[in-house]
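The values are calculated or read from the model by the stated rules, or taken from the named source; none is laboratory data. The model shown is predicted, which means the values in this text are computed figures rather than measured ones. Every residue, glycine among them, receives a Cβ derived from its backbone with ideal geometry; neighbour counts consider all protein chains shown.
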Amino acid sequence: MHDGSGRIVVQSLTKQFGSVTAVQNLSFVVEPGSVTGFLGPNGAGKTTTLRTVLGLVSPTVGEALINGVHFNSLGDSGRVVGAVLEAQGFHPRRSARNHLRVYAAAIGVPDARAEAVLQLVGLGAAGSRKAGGFSLGMKQRLALATALLGDPQILILDEPSNGLDPEGIAWLRNFLKSFAATGRTVLISSHLLAEVEQTVDQVIIMSRGQTVYNGPLDNLRRSQQARVLVRPSDPNALVAALHGAEIYNIESTQDGRLMVGGVRTEQIADLALRAGVSVYGIEEERINLEALYFSLTNGQYTPTMPGVAAPTVGGFGQQTGYQPPATGYQPPTGYQPPASGYQPPVAQLPPPQPFNPNQGFPPQQQLPPRLDPSQPPAAHQPPPTDPYQQWARQPWAGQSTADQTPTPPSGIPTPDQTAQHQTAQHPAAPDQAAPDQTGSEQTGSEQTGHDAPQQQQQAEEQPPQHDHQEPGPSGFGGSA
């Protein structure tokens, strides 16, 4: 029977999957009454270790104990350990309340406990909804409610804040702290280092299947010296002043600042004042869990690119000693400076080719000459009239203007010829003509037959008007 201490002990644990060693000689202890963070990069062996603790994986070497015994030897394990490794163990068509009732019956707790944990994790209003329609954050809450059904002594959670909104993360942080404050054990694994730093009291950091740190987070912070970041006007002068005060833990950053370890900001400010160095910025570096984590794991599985240096976080263990800034311009590798003097371009433009009117754009038309404003404008020229008017206006050779008989040019018919042509095309048909009707219109053939003599008589009685000449006594255009 277990001792009821609530302690988790992992001793000399090694687990191999064929030729791959997932965990190698791992040892740590999780004490009750505290929240312990289980940290490490992907592939470090965290999930394999948790599954070994819960009896889901058999170790190759070593052992993992809960309350002094293996998990499979615990009596009524649902009331001792509550665990969430994956928030996916739900029937999609079963409501959240019925899901908890099924698990409550399996571990021997009443249905009222299901309703209580629903309210505890904030899913009281969603208890009747089907779990398949839950978001990732709601599934995380339902999985936590399942782990809390038996009111366990130990709580083991893998990425418990995954998918939670900021309000849910804050609630989870306060809940885990209050849960551990009652003397119970909390072991969480997470990659959210900033959130873990606000939650945990103890830290277990793994790298390459081994433990690199196991202890209180405050002790890990104290193991690193506090450093001051200062931006001076003259770094060399400030470094000389620090050396004069026997301060040698000095490093330079890529942005031109100095990192001084083992001193306070007041000391550096006083030394800079005595040395006549202006200080444009000074602050004490905060040693956070992220910087400590990277310094211990040393970038396991960090991708690298050729010619690109690995990133540094916080500067821990990355630089040794003060490196003065480089003076002058340093051209990059492979850079070829330009040749002295002017070098004409290699490629010369071809000479212009004469324009070929048979190809391409046609030649531009010659524009008319511009008008001279000093010259008077030319007299208005009337537009040319039709050939008939031009012929009627001109006199006939050898005759006076009064007795000239107009002879139309070839191609222009006389009015007599026009009337005869219309009569030939549309002869009058008296026997076919329709009787006269008051208000009715005659057809085109009837109008042509009756109006042809009238049109000829009107043409003879009304000669055309001519400019600058009198109508002739006889002939076309004159009066009889």
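Can you tell me which of A272, A237, A291, A241 is in contact with a Ser or Thr (Cβ under 9 Å, 6 or more places away or on another chain), part of a helix (DSSP H, G or I) and not acidic (D, E)? Before you say what the answer is, go through the steps one by one.
Details: A237 fails: in contact with a Ser or Thr (Cβ under 9 Å, 6 or more places away or on another chain); A291 fails: in contact with a Ser or Thr (Cβ under 9 Å, 6 or more places away or on another chain); A241 fails: in contact with a Ser or Thr (Cβ under 9 Å, 6 or more places away or on another chain).
Only one candidate qualifies: A272.
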Exercise for the section: Check the range 59-67 and report whether any residue there is in a strand (DSSP E or B), within 17 Å of R141 (Cβ to Cβ), in contact (Cβ under 8 Å) with a residue 12 or more places away in the chain and touching a Gly at 6+ places or on another chain (Cβ under 9 Å). Expected result: no
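Just to be sure before I move on: is E197 in contact (Cβ under 8 Å) with a residue 60 or more places away in the chain, part of a helix (DSSP H, G or I), under 35 Å from the mean Cα position of the chain (by Cα) and over 24 Å from R93 (Cβ atoms) in the structure I sent? Before you say what the answer is, go through the steps one by one.
Numbers: in contact (Cβ under 8 Å) with a residue 60 or more places away in the chain: yes; part of a helix (DSSP H, G or I): yes; under 35 Å from the mean Cα position of the chain (by Cα): yes; over 24 Å from R93 (Cβ atoms): yes.
Criteria met by E197.
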Handout entry: Residue ID - nearest to T199 (Cα to Cα), chosen from residues in the range 260-289 that are touching a residue at least 60 places away in the same chain (Cβ under 8 Å) and hydrophobic (A, V, I, L, M, F, W, C)
Key = L289
Practice task
Could you tell me whether L187 is touching a residue at least 60 places away in the same chain (Cβ under 8 Å), of a type outside the set (D, E, K, R), in contact with a Ser or Thr (Cβ under 6 Å, 6 or more places away or on another chain) and within 23 Å of V203 (Cα to Cα)?
Solution key: yes
Exercise for the section: Answer with yes or no whether A64 is at pLDDT 90 or above and either of a type outside the set (S, T, Y) or under 42 Å from the mean Cα position of the chain (by Cα) (or both). Expected result: yes
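Does R129 fit the bill of being closer than 29 Å to D76 by Cβ and not acidic (D, E)? Break it down into steps so the answer makes sense when it comes.
Values: closer than 29 Å to D76 by Cβ: no; not acidic (D, E): yes.
Against the criterion (closer than 29 Å to D76 by Cβ and not acidic (D, E)), R129 does not qualify.
Run down S135, S161 and say which single residue is within 28 Å of the chain's Cα centre (by Cα), within 23 Å of A291 (Cα to Cα) and of a type in the set (S, T, Y).
Details: S135 fails: within 23 Å of A291 (Cα to Cα).
Answer to the check: S161.
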Practice task
Sort out which residues of the range 123-136 are closer than 15 Å to G168 by Cβ and surrounded by fewer than 16 Cβ atoms within 10 Å (Cβ to Cβ), and write them in order of number.
Solution key: G124, A125, S135, L136
Problem - Condition met for A181 (over 23 Å from S295 (Cβ atoms) and in contact with a Gly (Cβ under 8 Å, 6 or more places away or on another chain)) - result: yes
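Tell me which residues, restricted to the range 1-57, are hydrophobic (A, V, I, L, M, F, W, C) and in a helix (DSSP H, G or I). Walk me through how you get there before you give the answer.
Taking the range 1-57 and keeping what is hydrophobic (A, V, I, L, M, F, W, C), we get 1, 8-10, 13, 17, 20, 22-23, 26, 28-30, 35, 38-39, 44, 50, 53-54, 56-57.
Within the range 1-57, L50, V53 meet the criteria.
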Exercise for the section: Would you be able to tell me the number of residues in the range 1-22 that are in contact with a helix residue (DSSP H, G or I) (Cβ under 8 Å, 6 or more places away or on another chain) and within 26 Å of R184 (Cβ to Cβ)? Expected result: 4
